[in-house]
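First comes the structure, then the notes that go with it.
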Amino acid sequence: MQPSRSASGLLALAVSVGLVCGIPSATAVERLVPDPYTTIQEAIEACSPGDVVIVADGIYTGFGNVNVSLMGMAITVRSANGPANCIIDCEGCTSGFYLSLYEGPNSVVDGFTVINHGGG
């Protein structure tokens, strides 16, 4: 049995809405810090839901590398080689990650050591 024209139209509309509303695609994109993205936040801002930000070994400081927001997206931000090798130094004035925009169980931060945070 062939679908009716109205059913075909609804399917096309649903696919279009999914593309416009940013429903995650089947293919996650890996975004690498510090090359080509110079900061963790810059890489996150380029993400779509389902993407993965991989942060190379090093000590990260300053704007874009502290007080980092996942912007409510279902993404993974992880270090390349674990917390002993990837450090966020807040230099005493802020936090490493700021998660408050309705991040859920698919918003993941993994493999960082955060030092010298402002606390509170």
For residue 77, other-chain or 5+-apart residues with amide H closer than 5 Å (H placed, Pro excluded) are 53, 108, 109, 110
From fewest to most C-beta neighbours within 10 Å, the residues 75, 59 line up as 59, 75
Full extension between residue 48 and residue 71 adds, at 0.36 nm per residue less the Cα distance, a length in nm of 7.2 nm
Bounding extents of region 25-115 in its principal axis frame from Cα atoms, largest first in Å, are 38, 26, 20
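Bear in mind these aren't lab numbers, they're just calculated from the coordinates by the rules spelled out. Fair warning: this is a prediction, and the values are worked out from it, not measured in the lab. Positions of Cβ are generated from backbone atoms using ideal geometry, with glycine treated the same way; all protein chains shown enter the neighbour counts.
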